[in-house]
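Read the figures in this text as sums done on the coordinates, not as results from a lab. Only a predicted model underlies this, so the values are computations on that prediction, with no experimental measurement involved. Note that each Cβ is placed from the backbone with ideal geometry, even for glycine, and that neighbours are counted across all protein chains shown.
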Amino acid sequence: MNDVLRVSDLTKTYQSGSRSLTVLHDVSFQLEAGDTCAIVGPSGSGKTTLLGLCAGLDSPSGGSVTLCDRNLGPLSEDDRARVRNMHVGFVFQSFRLIPTLTAIENVMVPAELQGRLDVKHEAEALLKDVGLEDRFDHFPSQLSGGEQQRVALARAFINRPAILFADEPTGNLDSETGEHVVDILFRLNRDAGTTLVLVTHDLELANKTNRVIRLKGGEVVSDSNPREMASASMNGGD
Amino acid sequence: MEATNMQRWMFRFARRDTRGNRGRLALFVSSMVLGVAALVSINSFGDNLRTAIDAEAQTLLGADMSLESSKPFSDNVESIVDSLGGIQSRRTSFSSMAYFPRTASSRLVTVRGNEAGYPFYGAIETDPPEAAEQYLSGDGALVDGTLMQQYGVVVGDSVKIGRSMYRVEGRLLQTPRESAAIMLFSPRIYVPLARVDTTLLAMGSRADYEVYFRFEDERDVEATAEPLRESLQEERVGIDTVEEERENWDEALTNLYRFLGLVGFTALLLGSLGVASSISVYVRQRVQTIAVLRCYGASTWSTVGVYLMQALGMGLFGALAGSVVGVSIQTLIPIILGDFLPVDVSFNISWPAVFMGSGIGLGVTILFALLPLLSLRNVSPLAALRSGVDTTALEKGWMWWATAAVVGLGTTGFAMIQAPTPLMGLSYAGGILVVFLLLAATAKGVMWLLVRRPPIRTSYTIKQGIANLHRPNNQTLMMVLALGLGTFLVTTMLISEQTLLGQITVAGAEERPNLIFFDIQPDQVDELIATVEQTGLPVMEDVPIVTMRIQSVKGLSVDEMRADSTVRTSWAHRREYRSTYRDRLTDSETLLEGEFVGAHSGSGPIPVSVEVGVASELEVMIGDQIVFDIQGIPVETEVASLREVDWRRMQTNFFVVFPDGTLDNAPATHVVMTRADSEEASALVQGAVIRSQPNVSSIDISLVLSVFDAIFSRIGFVARFMALFSISTGLIVLAGAVLISRFQRIEESVLLKTLGASRKTVLRIMSVEYLVLGLVSSATGVLLSVIAGWCIARFVFATELILAPGAILTIMGVVIGLTLIIGHFNSRGVYDRSALEVLRSET
């Protein structure tokens, strides 16, 4: 199976005057279609930096990122934007809905950016799918946090992305709402066969993925499959 | 994405993104509305004026052609007049005293002795209308309406001019070739030419002799006039045709409305800066939205394009609103400028002016908006992941500089086109740039100072209010620019006005002469002095004046010099000189070079003293020879000294002074000066003189002051009307600036209230902020206007700066007051918001 995301020796260094700070050091991993992966680690470990580099939101100082067979390294910011538009979906911790657009208009944005201007029915279907059939014309300020994140999920899936990056998707939600959102996220992901990369502090959420990459000080300290580990520990326990 | 789909998306998104912000955007853009309105109204008015002048060209001259001379026509000229044929009407004009017996008042006026027929085109407007014809049939006179009002003269009264008595038949309301402003300088009285007291036209008195023609045949007037010009010029006779008159008025009025257009353009520039500043803050508030769009694949230019479309929409709205306002206020301009216009201007919408004004407004707005929009290229999609990634800090790359250069060149180019001369336009653009830079430097300097030297030993409210001036997203720079420029314009006009009026007041103060009698014949001097002294007034000066022209300079005749294109001639070669003779310098004169010769009885050239400015024009130095023509007799002179003259002194000053006794036999008139300490004393002596020597004219300096005052109040009104555009624009920019930082203020206000500050404390903090802003802006504007006023006084009026501290402090007070009112009006509700509300709107 082809890798959807291939990360090789990825390094990110920030320059501050004469001092340089390496926040990510020689990170490598691959993800195939349909994989689900959590990146975990303490604050400042480089999780979000890694997510940004994988999604082509930033340029690495060393190493490479290949997303859907496109090496992002030599691409300009606008070329990377085209790759994102074709293959990537996002879910953010603070939802990042556009406050001046209604729920349905927010969902339509990625498709419209693809040049598909007549996607209202698709957007409606997605909003129905996340349980917001009566919230089409509501503005973000008129929605609760959970509802806003569900709109963000619908927006993330409208272009049927090959890979979805989620940054602390439940970080701004209470546990009950968070659980509901996570259920929807994994369901949509499964249905669409999308590769999922999520950054989280929440180990319970991380354990729902089939791979967990643990970062510390910008380096990968472990790369494991929690289900296999759980199963191994259960077998070992027997 | 296909280009058309991309454009459709950009348009769709730009429209959606304005939701909830349309009121705010409309306010931002309204700062350019007045600038566009000023341009549209003035240019539209200019087009209407040109149409009116074209349509009424013949009325402007009142005839097909005219000849004019300051001497009675020679036989040669008379034969030319005869040969021209057509219907002719003659007019003789001169200055004289008019005496109104019923009110026992007198006034120096311009008397026009008219024959029947003139004007051949248009009409003399009078009240009652029939008076325009009636006055010619007997001993009638038409008197300027304003003069009649001032002196309490009514129809049916008598007026005495020289030895002739006339009956006032009506008020003179409007006449060809004369605007109300000209009438203010010298009121007109029309009398029949045949009834003019010819002794008033005696030698030495200034008079103009004119003949007007109406040609009933289909002759080409220009072709008729052209071959006559040279021979008439030799006779010092001017020739004027309808076409020339039209061109003269057209040029003068085009300069006037172009200048007003420049003032309007300043308001537009200020408004555009306001738009740019508002957009700068507005797009900073859009960073998260843009970052999300970038995450989902929006290209750099498509995001810039979205907000450029919004700016375009704002610009279009502003241009449209500005055009509507401009067309509406266009009706006011003829009322404001009415006194300066020779024709009635009707109201018509000039579409070229509307398109030009709105086009310039749109263009300038887009260009100014582009500067902050370029920073959007730097918004990183990472900002969606991490709060606090501010990538909108403007890196001034080549594109920014290129845009700034287009803005600068466009502004300068427009100023050069709009100004009466390209040099004036360039100076204007340079001046505005300097003022903008100085205001900006002041704002930056104040912020720099407040950051480094914050007030420590003062109350919390003052510290907080002052800190608001340099916090992130502050609008200090824009507010100082907007309010400072408005204050600068208004105060500069006030200072210029005060300086000029003040000089005249000073000139007439202390123990200096303030009443001048002139056109006194030599045999009248003793009697006049006796009359003055009988009324108890002192005779302070008796100065003889001899009229002359230059025949040759350094052996080369003026005619030869004028014929030779390699030799420079100027007004100094052509003018008529009114010289005197005396044995000493006066206190307004300073000897610069050579020796002042007070007496001369020897043979050879007469040693004369020449004023340094005119010597420079004539290119003469000590020892150079000048031959003057005095009533046809050549008088050889030699430059013996050069003098500097203080022309501001209200006394008789001369370009050329002869030694005492050298012109005793030349035909002279005298000027006698006295001082009257009250209006009554002035009226008494003038009345006594006019009764005994009616040809003698007089000027009372208090009258000159009142005329200047009237002229300035009219010019000042026009200037203030134009400055109003800038002031109003400044206030709108201020309102926009306050509104744009409203959310931030609400947050701060809530935070302060949560931490225990009362509503009153929040209110005080804002008051301190607006107070300091108003103070800094108005003080900077006033300071710059004092510098500009000094430059104007020194280099334009060649006088000393006079300030009116009371008026200047009033302007500052008004600006500070308006800043406080508008600041608080747009912040209303900020103090009353609850913390919960803010938290909700944040999520």
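Computed over the range B:539-674, the Cα gyration tensor eigenvalues convert (square root of 5λ each) into semi-axes of 24, 16, 15 Å, ordered from largest to smallest. In this structure, A:Ser175 and B:Ser767 have a Cβ-Cβ separation that, at R0 = 56 Å, corresponds to a calculated FRET efficiency of about 0.75. Simple spin-label estimate for B:Glu216 and B:Ile787 gives 6.8 nm between the two label positions (7 Å along the Cα-to-Cβ direction from each Cα). Database remark: amide H of B:Glu541 closer than 5 angstrom to the amide H of B:Met673 (H placed geometrically; neighbours at sequence offset of 5 or more, or on other chains; Pro and chain starts carry no H). Extension gain, B:Met621 to B:Glu234, is 136.5 nm, computed as 0.36 nm per intervening residue step minus the present C-alpha separation. Per-residue extension of 0.36 nm, minus the Cα-Cα distance of B:Thr198 and B:Ala116, leaves a gain of 27.7 nm for this segment. Each part reduced to its alpha carbon centroid, the range B:217-294 and the range A:67-103 end up 52 Å apart. Can you give me the angle between helix B:422-452 and the longest principal axis of chain B, using Cα atoms only, in degrees from 0 to 90, rounded to the nearest 10? Computed tilt is about 40 degrees.
In this rough spin-label picture, where each label sits 7 Å from Cα along the Cβ direction, the B:Glu226-B:Tyr460 distance is 8.7 nm.
Comparing Cα centroids, the range A:23-57 and the range B:403-473 end up 47 angstrom apart. Between B:Leu437 and B:Ser692, the C-beta separation translates, for a Förster distance of 60 Å, into a calculated FRET efficiency of about 0.40. Separation between the B:Arg759 and B:Trp398 pseudo-spin-labels, each 7 Å from Cα along Cα→Cβ, expressed in nm? Modelled inter-label distance: 5.8 nm. Angle, helix B:742-754 long axis vs. longest principal axis of chain B, Cα atoms, 0 to 90°, nearest 10? Helix B:742-754 and the main axis of chain B meet at about 60 degrees. Computed from phi, the 3J(HN,Hα) profile of the range A:67-82 under the Karplus parametrisation 6.51, -1.76, 1.60 (θ = phi - 60°) reads 10, 6, 6, 10, 6, 6, x, x, 7, 6, 4, 5, 5, 5, 4, 5 Hz, with x in place of Gly and Pro. A simple rule links phi to the HN-Hα coupling: the Karplus curve 6.51 cos²θ - 1.76 cosθ + 1.60 with θ = phi - 60°, which for the range B:288-298 gives 4, 4, 5, 4, 5, 4, 5, 4, 8, x, 6 Hz, with x for Gly and Pro. Placing R0 at 51 angstrom, the Cβ-Cβ distance between B:Val324 and A:His201 gives a FRET efficiency of 0.30 after rounding to 0.05. Counting Cβ atoms of other protein chains within 10 Å of each residue's Cβ and taking the mean over peptide A:109-118 gives 6. Around the amide H of B:Val567, modelled in the peptide plane, lies no amide H under 5 Å away from a residue 5 or more places distant or on another chain.
Taking K and R as +1 and D and E as -1, what net charge do the other residues with C-beta under 13 Å from the C-beta of A:Pro110 add up to? Surrounding charge for A:Pro110 is +4. The Cα atoms of the range A:29-78 give a gyration tensor whose axes a ≥ b ≥ c have a/c of 1.5 or more with a/b no greater than b/c, which makes the shape oblate. Computed from Cα atoms, the angle from the helix B:805-826 axis to the main principal axis of chain B rounds to 30 degrees. B:Lys71 label point, 7 Å along Cα→Cβ, cut-off 19 Å on backbone N: hits in the range B:572-592? The answer is B:572-579, whose backbone nitrogens lie closer than 19 Å to the label point. Charge dipole (Cα centre; +1 on Lys/Arg Cβ, -1 on Asp/Glu Cβ; no other charges) of the range B:539-674 amounts to roughly 340 debye. Net charge in the neighbourhood of A:Thr177 (other residues with Cβ under 10 Å of its Cβ; Lys, Arg +1, Asp, Glu -1) is -3. Segment B:Glu593..B:Asp82, full-extension length gain: 178.7 nm, with 0.36 nm per residue of separation and the alpha-carbon distance subtracted.
Using a cut-off of 13 Å between beta-carbons, work out the net charge of the residues near A:Val40 (Lys and Arg +1, Asp and Glu -1, A:Val40 not included). Residues near A:Val40 contribute 0 overall. Taking the centroid of alpha carbons for each part, the range B:521-562 and the range B:77-124 are 26 Å apart.
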